[in-house]
1. Restrict the check to segment B:205-213 and report whether at least one residue is surrounded by fewer than 22 Cβ atoms within 10 Å (Cβ to Cβ), under 30 Å from A:H161 (Cα atoms) and away from every other protein chain (no Cβ under 12 Å).
2. Yes or no: B:V298 of a type outside the set (S, T, Y) and touching an Asp or Glu at 6+ places or on another chain (Cβ under 8 Å)?
3. What pairs come out if I take residues in segment B:162-177 that are basic (K, R) and pair them with residues that are buried (at least 16 other Cβ atoms within 10 Å of the Cβ) whose C-beta lies under 7 Å away, six or more apart or interchain?
4. For segment A:206-214, check the following and say yes or no: at least one residue is within 14 Å of another protein chain (Cβ to nearest Cβ), within 22 Å of A:N145 (Cα to Cα) and either in contact (Cβ under 8 Å) with a residue 40 or more places away in the chain or crowded, with 22+ Cβ neighbours inside 10 Å (or both).
5. When you go through A:I287, A:I228, A:I280 one by one, which is the residue that is of a type outside the set (F, W, Y), farther than 25 Å from A:P94 by Cβ and either in contact with a helix residue (DSSP H, G or I) (Cβ under 7 Å, 6 or more places away or on another chain) or at pLDDT 95 or above (or both)?
6. Can you tell me which residue is farthest from the other protein chains (Cβ to nearest Cβ) among those in segment A:35-50 that are on the phi < 0 side of the Ramachandran plot and part of a loop (DSSP other than H, G, I, E, B)?
7. All but one of (1) outside any strand (DSSP E or B); (2) free of Cβ contacts under 8 Å to residues at least 60 places away in the same chain; (3) small (G, A, S); (4) touching a strand residue (DSSP E or B) at 6+ places or on another chain (Cβ under 8 Å) hold for A:A130, so report the exception by its number.
Amino acid sequence: MKRWIFLFLSLLVLALPGLSQEAYPTKPIELIIPFAAGGSHDLHARVLASVAPQYLGQPLVVILKPGAGGAIACQYVARAKGDGYTLLFGGTGPNTILPQVENVGYGMKEFTPIALINYSPALLTVRADAPWKTAAEFVEYAKNNPGKVNFAHTGIWGASHFPMLMIEAKTGAKVNFIPTEGGGPALLAVASGNADASFLFAAQVLPFLRAGRVRVLGVTSPSRIDPIKEIPTLKEQGIDVTFVMWRAVLAPSSTPVVRVKKLREAFKKMVADPSFKALIAQLGEPIIYMDGPEFLTFWRKEWEDVSKTLAAIKK
Amino acid sequence: MFENLAYGFLIALKPTNLIYAVIGVFLGTIVGVLPGIGPPTTIALLLPLTYGIELTPAIIMLAGIFYGAMYGGSTTSILVNLPGEAASVVTTFDGYQMAKQGRAGAALAIAAIGSFVAGTISVVGLTALSQPLSEVALRFGPPEYFGLTLLGLTLVSYLASGSMVRGLLMALLGLFLGLIGMDPVQGTRRFTFGILELNDGLDFVPITMGLFGIGEVLYNLAVKEEFAEVLKATIDWGRNLREVLQTKWAILRGTLVGFFVGILPGGGAIVSSLLSYAVEKRVARDPSRFGKGAPEGVAGPESANNAAATSSMIPLLLLGVPGNASTALILAALLIHGVRPGPFLLQDHPDLFWGVVASMYIGNVLLLVMNLPLVNVFVQLLRIPYRFLAVLIVLLSIVGSYSVNNSIFDVWILLLFGILGFLFRILKFDVGPLIIAFVLGPIVELSLRQSLIMSRGSLGIFLIRPAAAIFLLAAVVILMTQVIQAFWRVLVKAPMHQRG
């Protein structure tokens, strides 16, 4: 009898960790970045990785898989084993726009959001001697003079192209799109007057704004944003367009609920970490945290906005 | 200007900064020598480490890796026909031939000394002219890029070392390969066959490593070439230095081309070395020596890529616009430290700018001291039996191709182009024109279409912009002289067969 009790007790002890709490994570977690080294996703991911071990108990390994506008990395994670060891650092382009304009084999339902870290608006940037003083004037001009504004963008369907497409769809404005190789060349095109306007990001625009080489008429975020609180939103100026480039941690949707919960808790704490906050502030970016469910609502709304714009373009 | 430079030296000579400069150029040399691990990969790896240190030493180190790699990059190009980093592809054209003739020592010495001269002259240019030059870079728009790259493309006709027809065929193939991927204006897919990996086009690294490195390995294994007997000749320093002196004008021309192209955000070290090679062949009295071990073919491009690496600090620091993957990562390091490079950098962070510039003077001297003695060491590598060397080359090529995008697809591209490279060697098709067309073709296309969109279809935009008009005029003159020469040969002189 004693023997039986002993056996029963030892089995119970063995089973306990499984019942109460499974051991996770027990090895490093990979965070897949859909863009090239040195980009804003990469920089944010490295900051996350620097604080992650304290909260995950395991290192967060940053792996870059650039290509096809981020679709390669998203496909990779969508098809990965949902064991909580492969995560995606997703974004607007690869996760909201691409699946709707191209056959990439994934959409929203392949991913479970863990946390939104932050987002950046695009800045409506015009050449220093442009006649428009507000975004409303700019839109009005582009409406009355279709195709007259030379608008540099950084790639088809990209963060610089899409918000302008949204404005066109909403207001009937028409611009002359000039594709460039990226944010740098687009900025130089506006600063040198080779183009009249573009949607660009704060990190590169602000020094040129200060030097008086360009002007910024508005931001695309839903509300004014740190550290450029003085620039009004498009919405404030009566243009009903919002568009942001978000950075959120996503897991494959096959990841077990327990692990998703654990990850969500860990990332929530990471975002509140003082050294994390300090490093992100140095990048000149705000922290705009949303938990998984809250972000899912945000993402769904964005998905619908994009699909409406695309429908309007196709008409 | 001299106060600024003196101030810069005060900063650069601080012990910590000096140590970081040494670490940077040392790592750069290693990274340059090792094929497959380029400066972008290394800088990306070290980027997180720079969070913890001050900004100026961090940038001094990262810049050191970048221009230091330009020194070492020629080593494996010369010794085993495998570019040590992307900008040294051109060095294989003549450098490897020199090595085969027992002149590896001379080629390596030319590369080291040319790099030093170019690096130093460019830092002087950086010291004196960075502000006005950043304005030049800013004004260089699509029509100017079109003029410059079209001029480069017409120089392709000088690049083929064998028959002209074969050279032009290869250039067409290069143009075609450059077309693969997403159309930049409409976004339609060209020749991607639904393969997502092809959307961004083919990558430069696996193509060149395949065509040169793997192709050469296959060829050597097929024809059983051995290096051992040509080793003795390479250690003769008197002869090596004489060869270096003969290339002094090529070094200066390469420096000039490289410095200018490096200032342009859309330029970069690869374009500069390709253009420099074309220029050297154009000005040479006997262009037929090229591709067969002409020392100018090493001196020009190697100087050009160093000059370009140095002058690319101008668009990076004063415009905040990086021209290539390495400077894009240095930009990231700046952003992490809360510094946004741009027109105010000189005012806001003079210690950073002048400290980095002064460290480059020191770095170039260090690199020369480090690289010249290494010439003898590296030449000894040729003593390794080729069957071992071959395995190493293949291994490094695979690692290098994979690491560009962490993608196995690029390894398949490498192997495909390895086989193509082998076939081209056997059929005596020169890959030089293919490479230059592959690099310049997409820039020509995009800048032409951008210009025409800007002008709403009017070709007049190329005439009203003086710089663009001058480049295009030069291209037309070059083409016309070619045609006239060809007619002259056919009609006036007795028809004779061309080589090849």
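The values are calculated or read from the model by the stated rules, or taken from the named source; none is laboratory data. A quick note: this is a predicted structure, and the numbers were derived from the prediction, not measured. Reconstructed Cβ throughout: ideal geometry from the backbone, glycine too, with neighbour counts over all protein chains shown.
1. no
2. Yes: the conditions hold for B:V298.
3. As it stands, the answer is B:R166/B:A160; B:R166/B:F429; B:R166/B:D430, since those pairs meet every condition given.
4. Yes - at least one qualifying residue is present in segment A:206-214.
5. Result of the check over A:I287, A:I228, A:I280: A:I228.
6. Step by step, filter segment A:35-50, then rank; the result is A:F35.
7. Here A:A130 clears every test but (2).
Okay, residues lined up against (1) more than 9 Å from chain B (Cβ to nearest Cβ); (2) buried (at least 20 other Cβ atoms within 10 Å of the Cβ):
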site: A:A52; (1), (2): yes, yes
site: A:G57; (1), (2): yes, no
site: A:A68; (1), (2): no, yes
site: A:Q75; (1), (2): no, yes
site: A:A80; (1), (2): yes, no
site: A:T92; (1), (2): yes, yes
